[in-house]
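Here the structure comes first, spelled out in C-alpha cells, and everything after it is commentary.
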Amino acid sequence: MTGRWIERWDPEDDTFWREGGARVARRNLVLSVFCEHIGFSLWSLWSVMVLFMGPAYGVDPAGKFFLISLATLVGALARIPYTFAVARFGGRNWSVFSSLLLLVPAGAAWFAMEPGTSYATFLLVAALAGVGGGNFASSMTNINAFFPLREKGWALGLNAGGGNIGVPVVQLVGLLVIATAGAAHPRLVLAVYLPLIVAAGLGAALGMDNLAPVRNDTGAVREALRDAHTWIMALLYLGTFGSFIGYSFAFGLVLQTQFGRTPLGAASLTFIGPLIGSVIRPLGGRLADRYGGARITLGTFAAMAAATGVVLYASVHTSLPVFLTGFIALFALSGLGNGSTYKMIPAIFQAKAYARGLTGETAAAHGRRLSGAAMGLVGAVGALGGLAVNLAFRQSFQSSGTGTAAFTAFLGCYAACSAVTWAVYVRRPAPAPSRAEPAPAGAKV
C-alpha cells in the first residue's frame, strides 16, 4: 500500500482546483463516504443486535443499554489515534486498513449472537464494534485536507452525512431480517455486511489517494490542545453529534422499554430518526457556508431545547405519537447542528490565521494544519456525548422505569450549549483579518 501518493496539493489555488484538483478530491470523497458508511453501520451494530436479544439471552434493559454504551465509548476513544493515522500512513492506506479491520467485530458478533453466550463475551464483542466509530475521525481529517475552505462545509457535511446514514441503514437491514426471518436470526444482518466490508477495503485501495503534504505534526496537536476554541467546539459537538449518535443507539430500546413495542414494532420506527438526521447533515454544512456556522448552530440548539420539551411532555404522559414527533425533530436538528459545527472548525482556525497577519496559501495551510488536528479531538469528545446519553437513559430507567429524568438533563445541556454559542461566537465578532489581506468569505465563523 505504498502507491498513489500525490506530492503537490493546493486546493486554494483556483487554477489547480479547476484543472484536476476538484476531480481527484471528489473521487476520494465518494469512496470516503462509502468506507465511513460501513464503519458507522458496524459501530451502531449493537443498537440492532439488542433487538434480537429476547428473554432467552438473559440480558435486562439496563444490560442492553450498557452494551451499546460500551460500543459508543470505544468508538469515541478510537477517534483520537485514527485522526493522526491519516498523516502517518496516508489517507488511502489507512482507509484500506480501517475498513478491512471491521471484519473483526463483524466476525466476533457472528459467533457470539446466540442464547447461552455469557454477558462478559457480549461486552467484549460490543467493545470491538467501537473501531467503526474511529473511521469517522480519519475520514473527516482526510477529506478536510482535500477541499478548499469555500467548499469545506458542503464536503465535510456530505462525507459525514453519508457516513451517518450507516446507522439507519443497518437498522433497516435489522428490520428486514426481523420482518422476514424473525428475531431468531441475527446472523443474517452480519451476512449482509461481511461482503460490504471487503468491498469498502477494495474500493479504497483501487480509487483513493494519499496526500504527501499531509504529515504528522505534533506541534499542531499541541497547539490545538492549548487553544480554547478546540474545547469550546468539542462541547458544542458533544451537544449535536453526541445527541445524534446517543439517540440513534438508544431509540429502539426506549421504544421497547417505555412504550412496550415488540422487536418488530421498535425496528420499524428506529431507523426513521437517524435517517433524517443523516440526510439533513449536508444541509447544515451548506447553510453554515452561506450564513455562518455560529448562527445556524445557535438556532439549532434553541430548537433542540424546544423539541426536548415536547419529548419530555410525551414521556410524562406516555404519548407515543407526541414522543415520536419530538424525537424525530431532535434527530433532524442534531443533523443540522452536526453540519454547522464541523464547518465552524476550519473557519475558526483560518480566521485566526488571518488575524495573526498570515496571508494567502500560508494562512490556508495554517488553518488546515490546526483544524485537522482539532477535528479528531472534537470528534472524540462529541462521540462521548453518545455515551453520556445512553448512561443517562440507563440510570433513568433503572431509577424510575421511564426516560423522563434523562430528557430533563438533555434540556439543560441544550440550554448551556445555546448560551456558550451565543457568548463566544455570535455576541462577539470572529477574529479580525489582517489588514494586508481580507479573509475570504468562507472564513467566517
### Task
Could you work out how far helix 272-291 tilts from the main Cα principal axis of the chain, as a 0 to 90 degree angle to the nearest 10?
20
### Task
Report Rg(Cα)/(2.2 N^0.38 Å) for the chain, keeping two decimals.
0.95
### Task
Whole number in Å², please: accessible area per residue of the chain, 1.4 Å probe, ligands, DNA and RNA not counted.
36
### Query
Among Gly385, Leu67, Thr318, which residue has its Cα positioned farthest towards the positive end of the charge dipole of the chain, with +1 placed on the Cβ of Lys and Arg, -1 on the Cβ of Asp and Glu, and the dipole taken about the Cα centre?
Gly385
### Query
Which log10 I(q)/I(0) values, to two decimals, does segment 325-426 give at q = 0.15, 0.17, 0.19, 0.20 Å⁻¹ under the Debye formula with one point per Cα?
-0.77, -0.91, -1.04, -1.11
### Message
If you fit an axis through the alpha-carbon atoms of helix 61-89 and take the longest principal axis of the Cα set of the chain, what angle between them do you get, 0 to 90°, nearest 10?
### Response
20
### Task
Could you point to the residue in Leu158, Gly130, Val170 farthest towards the positive end of segment 26-181's charge dipole, with +1 and -1 charges on the Cβ of Lys/Arg and Asp/Glu respectively?
Leu158
### Task
At 0.36 nm per residue, minus the direct Cα-Cα distance, what do Thr121 and Thr359 gain on full extension? Give it in nm, one decimal, please.
80.2 nm
### Query
Alpha carbon centre of segment 324-403 versus segment 234-293: separation in Å?
14
### Query
Magnitude of the Cβ-charge dipole of segment 36-178, K/R +1 and D/E -1, about the Cα centre, nearest 20 debye?
420
### Message
Quick check: convex hull of the Cα atoms in segment 1-63, volume per residue, rounded to a whole Å³?
### Response
151
### Message
Please compute the length gained on full extension between Arg226 and Thr180, using 0.36 nm multiplied by the number of residues separating them and subtracting their Cα-Cα distance.
### Response
11.2 nm
### Query
Given the protein chains as shown and a 1.4 Å probe, how many square angstrom of Arg356 are accessible, to the nearest 10?
150
### Query
So, with a 1.4 angstrom probe, what is the percent of accessible area on the chain that is carbon and sulfur?
67
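Mean 1/r over all different Cα pairs, inverted: what Kirkwood radius does segment 70-214 give, in Å?
Mean inverse Cα-Cα distance, inverted, gives 16.4 Å.
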## Note on the structure
Length-normalised contact order of the chain, Cα under 8 Å, at least 6 apart, in percent, tallies to 24
#### Entry: Between helix 293-317 and the chain: long-axis angle, C-alpha atoms, 0 to 90°, nearest 10
10
### Query
Could you work out the helix-only [θ] at 222 nm for the chain, with each DSSP H run of four or more residues adding -39,500 (n - 2.57) and the total divided by the number of residues, to the nearest 500 deg cm²/dmol?
-26500 deg cm²/dmol
### Ranking by accessible area, most exposed first, for Ser399, Ser315 with a 1.4 Å probe
Ser399, Ser315
### Message
About the Cα centre, and with charges only on the beta carbon of Lys, Arg (+1) and Asp, Glu (-1), how big is the dipole of the chain? Nearest 20 debye, please.
### Response
600
### Summary
GNM on the chain, Cα springs under 10 Å; top mean-square fluctuation among Gly382, Gly219, Gly153 goes to Gly219
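The values are calculated or read from the model by the stated rules, or taken from the named source; none is laboratory data. On a predicted model such as this, the values are computed, not experimentally measured, just so you know. Neighbour counts are summed over all protein chains in view; Cβ atoms, including those assigned to glycine, are modelled from backbone coordinates with ideal geometry. The area values use the complete protein model at the heavy-atom level, side chains included, leaving out ligands, DNA and RNA. Shrake-Rupley method; radii C 1.70, N 1.55, O 1.52, S 1.80 Å.
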